[in-house]
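Colleague: My questions will all concern the structure given below.
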Amino acid sequence: MSAGPAVAVRAPLAWLGAGRLVEDALVLARGGLISYAGPAKGAEAPSDGAGEEFRIDGFLMPAVADRHVHIGLSSPDEVLRGGVSRVRDLAWPPATIHPLARESEDETAFDGPLIRAVGPMITAHGGYPSRAFWAPNGTALEIRGMDEAEAATRRVLAEGSANAVKVALNADAGPVLRDDELVAVCETAHGMGAVVTVHAQGAGQAERALGAGADEFAHCPWSERLADDVVHAVAASMRIVSTLDIHSYGRAAPELDVALDNLRRFVQAGGRVAYGTDLGNGPIPAGIDAHEAALLDAAGVQDERLLEAMTEHVLGAGEPADLIGLGANPLDDVAEIGSVVFVMRGGRRVR
C-alpha cells in the first residue's frame, strides 16, 4: 500500500493495549501501518489533517486474532468482516492453503484476514486426522520412525508460514506418535526456532506432550481432568489455545465442563491463554465468537487479560493498522465483543 494521506479513526473510548484505555481517541493509519494512536487532543496529538475520517460511536480496539482455524471450511471475507484480521490455520492440504496464505498477504486486494498456515498435521500412520470426515486428503502427514518425524517437521516448517508444527496425539481416534517420534518433532522444530502445538485427546496424551517439550495445546484439554501438578507444569512451560465453544456451541456439555475446569486451574496457576475457535469444525461463526469470549471470561480470563488473549498487536505507531469498532465497551460487558460495527485491515476499511 502506498503511503498517501493518513486515514483517521475516532472514537469516544479506545483500548490501545494493556493499561492504555483512552478517551476521545484518535488512530491515524498510513501505508497499512499506524502512525499515531492516542488522545485526539494533547501535546502528542498530530496537528495535520487526514485524507479520510471515520467516527465510531462506541469502542475502538485492535482487530482480533484467531489462533486455531481451518479457513478452508469457512469464508475468509466473513471472517474479516466479523472482526478477525489474522488467523492461524492449523491443518489443511498444503497445495491449497499455502497459495491462499500467500495471497492473503496483499491486504489491499485480499478479501479476508492475514492467514498464517502450518499446512498438514503430523500424525502416526492411520492416525487422526487421516480418516476424519472434515479433513481432505493431504491434511494429515503420516510418519513412521524418528527419521520421518524429523523430515516431516523440516518439510512443514519450510513450506508453512506459521512458524509452527501441529502434531496429532488423538488416542481416541487412532494410533499416535511414539515418544521418540514426538521428541524428534519437538527437538527439530525448536532447533529451527519454531513452536510445536499439539491436539491432545485421550488419557495421558496431554502429559506426553508436556514431557516431550511441546509448546502449546491447540485445544484446551477436555477428554479428562488433568491432575493439579500437571496443570502447574503446563502453566510453567506451555500456552493453551482455548477452543471451548467447539464443544457446546453455546450449550452445556460434559466436555466443556472438563475443559473449563482445566482452564480455570491453568489460569489460576499463571498460564498463558490465546483465543482460538477451531473455526470450520461445526457452527462456529465466521468472525469473533462471542460465546468463546464469554467462556474465556468464565474461566478467569477477564477484563484486559481477555482482550490481550484475543489480539496479537496493540494500537501504536508502527503496528499494523488492523482495528475494529464495537457498539459498546467489552470491559463493561463481555458480550459486547461481538457487537462489531467497523473493521479496518491494513488501513483499508472493510466494514
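Colleague: Highest first, please rank the peptides 293-302, 51-60 by the mean number of other Cβ atoms sitting within 10 Å of their residues.
Modeller: Most protected by this proxy first, the peptides run 293-302, 51-60.
Colleague: A further question on this structure: Give the long-range amide H neighbours of residue 34: residues separated by 5 or more places, or on another chain, with amide H under 5 Å away, using H modelled in the peptide plane at 1.01 Å from N.
Modeller: Answer set, sorted by chain and number: 318, 319, 321.
Colleague: Rounded, prolate or oblate: which fits the chain when a ≥ b ≥ c are the square roots of the eigenvalues of the alpha-carbon gyration tensor, with rounded for a/c under 1.5 and prolate only if a/b beats b/c?
Modeller: It comes out prolate by the Cα gyration axes.
Colleague: Ok, one more. What size of dipole, in debye to the nearest 20, comes out for the stretch 228-351 about its Cα centre when the only charges are +1 on Lys and Arg C-beta atoms and -1 on Asp and Glu C-beta atoms?
Modeller: The dipole magnitude comes to about 440 debye.
Colleague: Working out 0.36 nm times the residue gap between residue 105 and residue 75, then minus their Cα-Cα distance, what length gain in nm do you get to one decimal?
Modeller: Contour length minus the Cα-Cα distance gives 9.1 nm.
Colleague: Place the peptides 64-74, 192-202 in order of packing, highest mean first, counting for every residue the other Cβ atoms within 10 Å and averaging per peptide.
Modeller: 64-74, 192-202
Colleague: Another question about this same structure. Rounded to the nearest 10 Å², what accessible area does residue 142 have for a 1.4 Å probe in the complete protein model?
Modeller: 70 Å²
Colleague: Once you sort the root eigenvalues of the Cα gyration tensor of the stretch 110-166 as a ≥ b ≥ c, which label holds: rounded (a/c under 1.5), prolate (a/b larger than b/c) or oblate (the other case)?
Modeller: Because a/c hits 1.5 or more and a/b fails to exceed b/c, the stretch 110-166 counts as oblate.
Colleague: Looking at the stretch 172-265 from every direction and averaging, what is the projected area of its Cα convex hull in nm²?
Modeller: 6.1 nm²
Colleague: May I ask for the net charge around residue 83, where only other residues with Cβ less than 12 Å from the Cβ of residue 83 are counted and Lys, Arg are +1 while Asp, Glu are -1?
Modeller: -1
Colleague: Now for a separate question. On alpha-carbon atoms, Rg over Rh for the stretch 13-65 using Kirkwood Rh?
Modeller: A ratio of 0.93.
Colleague: With runs of 4+ DSSP H residues as the only contributors, calculate the mean residue ellipticity of the chain at 222 nm using -39,500 (n - 2.57) per run, divided by the residue total and rounded to the nearest 500.
Modeller: Using -39500 (n - 2.57) per qualifying helix, the result is -8000 deg cm²/dmol.
Colleague: Quote the FRET efficiency, to the nearest 0.05, computed for residue 179 versus residue 237 with a Förster distance R0 of 25 Å and r equal to the Cβ-Cβ distance.
Modeller: 0.90
Colleague: Which is farthest toward the positive dipole end of the chain among 27, 326, 196, measuring Cα position about the Cα centre, with Cβ charges +1 (Lys, Arg) and -1 (Asp, Glu)?
Modeller: Going by the Cα projections, it comes out as 27.
Colleague: Under 12 Å from a point 7 Å along the Cα-to-Cβ line of residue 207: which residues of the stretch 222-242 have their amide N that close?
Modeller: Once the point is set 7 Å along Cα→Cβ of residue 207, 225-231 turn out to lie under 12 Å by backbone N, inside the stretch 222-242.
Colleague: Could you size up the charge dipole of the chain around its Cα centre, putting +1 on the beta carbon of Lys and Arg and -1 on that of Asp and Glu, and report it in debye to the nearest 20?
Modeller: It works out to roughly 400 debye.
Colleague: Could you order peptides 305-315, 118-128 by the average number of other Cβ atoms within 10 Å of their residues, highest first?
Modeller: Ranking the peptides 305-315, 118-128 by packing returns 118-128, 305-315.
Colleague: Something else now. Taking Rh as the Kirkwood radius computed over C-alpha pairs, what is the Stokes-Einstein D of the stretch 1-155 at 20 °C in a medium of viscosity 1.002 mPa s, expressed in µm² per second?
Modeller: 117 µm²/s
Colleague: Taking the dipole about the Cα centre of the chain, with the C-beta of Lys and Arg at +1 and of Asp and Glu at -1, give me whichever of 240, 219, 122 is farthest to the positive side.
Modeller: Looking along the dipole axis, the top candidate is 122.
Colleague: How big is the C-alpha Rg of the stretch 298-340 next to the rule-of-thumb value 2.2 N^0.38 Å, as a ratio?
Modeller: Relative to the rule-of-thumb radius for its length, the stretch 298-340 sits at 1.23.
Colleague: While we're on this one: Can you say what percent of the DSSP beta bridges in the chain, counting only those with both residues inside, are antiparallel? Round to 5.
Modeller: 45 percent
The values are calculated or read from the model by the stated rules, or taken from the named source; none is laboratory data. Source: prediction; values computed, not measured. As a convention, Cβ positions derive from the backbone with ideal geometry for all residues, glycine included, and neighbour counts pool all protein chains shown. Just the protein is used for accessible areas: all its heavy atoms, side chains included, with ligands, DNA and RNA removed. Shrake-Rupley method; radii C 1.70, N 1.55, O 1.52, S 1.80 Å.
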